[in-house]
Amino acid sequence: MALIICSYFTIALGVVCVWLRYFILDETTPKTDISSWIFLLVLPLFWPLVLPMCILELATKKPNILIINTEAENEKAVAIVEELLQGQNRSSEEQELYDLLITLIEKEES
């Protein structure tokens, strides 16, 4: 029985370490919110239930990949590029968008 309890808490500690790492790296979660820290410390005790639910959520989440799939999307991207070309002084964000769209348009047309 002691071995089972020890194993359970060892795995729970491992889950806490992994979740803590992701929590710290996640820029969308406020680090000053006390409820975030409570969930982070309490939920790993329920890892046999929570872990499969997290895996299911990640598996069903649509990946955020930029791909031009249709001619309409291509035309929209070309219009944005043309608009960016008309600007005299592009910001660094606009330049990054321009470079990204050019790459996507070239891949779609090849």
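Every number in this text was worked out from the coordinates using simple rules, so none of it is lab data. Keep in mind the model is a prediction, meaning the values are calculated, not measured. As a convention, Cβ positions derive from the backbone with ideal geometry for all residues, glycine included, and neighbour counts pool all protein chains shown.
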**Request:** Could you work out how far apart the two model spin labels at ILE102 and CYS54 are, taking each label as a point 7 Å from the Cα in the direction of the beta carbon, and quote it in nm?
**Result:** 4.1 nm
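What translational D, rounded to a whole number of µm²/s, comes out for region 35-110 from Stokes-Einstein when the hydrodynamic radius is the Kirkwood one over Cα pairs, at 37 °C and 0.692 mPa s? Provide the component values of the computation, followed by the final result.
Numbers: Rh = 16.1 Å.
Rounded to a whole number, D works out at 204 µm²/s.
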**Proximal charge balance of LEU20 [Cβ under 12 Å; K/R count +1, D/E count -1]** = +1
**Over the chain: helical MRE at 222 nm, DSSP H runs n ≥ 4 each giving -39500 (n - 2.57), nearest 500** = -24500 deg cm²/dmol
**Item:** Contact order relative to length of the chain, as percent, for alpha carbon pairs under 8 angstrom and 6 or more apart
**Value:** 21 percent
**Complete:** Phi-derived 3J(HN,Hα) across region 31-37 with the Karplus relation (6.51, -1.76, 1.60, θ = phi - 60°), rounded Hz, x for Gly and Pro, is 7, 8, 7, 5, 5, 4, 5
**Request:** For ILE68, list long-range residues whose amide hydrogen, built 1.01 Å from N in the peptide plane, is under 5 Å from its own amide hydrogen.
**Result:** none
